[in-house]
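*Asks:* This structure is in structure tokens; I'll ask about it shortly.
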Amino acid sequence: MTDKADRQNPARAAAAPDRQQPAGDWPFLPPALRAALAHYLPATDALTPQPERTGRSGAAIWLYPELVLKIQPVTAESLGEVRMLQWLQGRLPVPELLAQVRQEGQLYILMSRAPGQMACAPLYLQDPPRLSRLLAGALRQLEAVPVQGCPGDCRLTRKLRQAAYNVRHGRVDLRNVEPETFGPAGFRDPEALLRWLQDHQPPEELCLTHGDCCLPNIMARPDAFQPGRDQVTAFLDLGRCGLADPWQDRALAYRSLRDNLSGRYRPQPEPGKAVAAVSSAAVFSAAVPSAPPGPSPAEVRPPAFKPEQLFTDLGLRPDWERIRYYLLLDELF
């Protein structure tokens with residue numbers, strides 16, 4: 001569930017069959033998974049799953065009142081998600097892995113359903129400062145996890161190998177890239193971008209990273225003990241989670257905040273919740289985005305929200321070179 005998310009390369013993974021009947025009645029489900037569903041679900045719930053269509057990751061996701069069934073092709077990424085779900089138990093709020101079954105090239109994962117709402121829910125999109133604080137807190141949680149024994153390796157050497165594989169096998173969807181990435185003002189083609197990425201690798205400071213840190217992959221709810229604050233209840237879609245530089249997550253989180261608030265993936269915020277969207281061209285040119293022109297004296301409007309507030313909430317000065325690098329790298333996935 002990504003928000004390049006909502007523009008995921010459909011060739012990356014074969015979508016699971018689109019079944020209309022409830023998951024409890026699917027005859028194609030592996031017997032072991034049917035047994036797990038029967039164990040965890042009351043009989044009345046077995047016929048009431050709802051499809052989750054927020055993301056386009058190539059997985060079929062069905063929601064029960066307290067469970068999630070995720071069906072996706074067996075790939076290094078999907079198997080990595082299983083490993084990270086297991087390793088992160090007790091280290092980070094993630095769903096509990098209840099069952100995993102492989103059959104005929106498909107991986108079936110049964111997990112607990114996290115409470116709360118996605119960070120792209122109206123509750124948060126209509127309050128950008130609150131959303132920025134939530135996102136900053138989520139990033140800090142990830143970066144604070146001790147990484148000894150972490151089974152996920154997402155360092156640049158490994159990422160660039162996968163990027164090269166994607167380029168060689170035509171898995172880069174040119175319909176779903178930033179308009180500035182390729183063309184007269186950008187790179188000639190994915191091969192040229194790959195060479196540039198290989199030649200301009202920034203130094204890495206390793207920590208735990210999500211790898212696809214966008215709003216749909218963070219579940220949250222208001223904190224019962226701190227009014228006005230929110231609690232992350234779960235990180236979702238952990239197939240790219242592992243050791244990497246923190247600016248990878250910061251870059252993707254910034255883009256997700258910017259694009260969701262600008263209306264790229266969702267309707268514009270309500271009147272009175274103005275958002276100053278920074279053009280992707282500003283980031284891809286590695287220039288520090290400048291503030292938009294202010295309102296005329298005759299206009300009465302609240303101050304616009306700038307997605308760079310995320311870095312203020314993190315207590316960091318944005319490293320636009322690294323942000324640009326990791327956003328360009330993500331174009332090849």
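Only the coordinates and a few stated rules stand behind these numbers; no lab work does. This one's a predicted model, so the numbers in the text were calculated from it and none came from an experiment. Neighbour counts run over all protein chains shown; Cβ positions are idealised from the backbone, glycine included.
*Asks:* Within 10 Å, count the other beta carbons around each residue, average over each peptide in 103-113, 234-244, and list them highest first. Display every interim value, and only then the final one.
*Replies:* Details: 103-113: 17.5, 234-244: 23.9.
Taking the mean over residues of other Cβ atoms within 10 Å, the ranking is 234-244, 103-113.
*Asks:* If you don't mind, another one. Using alpha-carbon positions, what is the distance between the centroids of segment 151-170 and segment 231-257, in Å?
*Replies:* For segment 151-170 versus segment 231-257, the Cα centre distance is 17 Å.
*Asks:* Highest mean first, what order results for 139-147, 206-214, 93-101 on Cβ atoms within 10 Å? Show your work: numbers first, answer last.
*Replies:* Working: 139-147: 15.4, 206-214: 25.2, 93-101: 19.0.
In decreasing order of mean packing, 139-147, 206-214, 93-101 become 206-214, 93-101, 139-147.
*Asks:* Exposure proxy check: 229, 133 ranked by fewest other beta carbons within 10 Å? Provide the component values of the computation, followed by the final result.
*Replies:* Working: 229 13, 133 19.
Neighbour counts put them in this order, fewest first: 229, 133.
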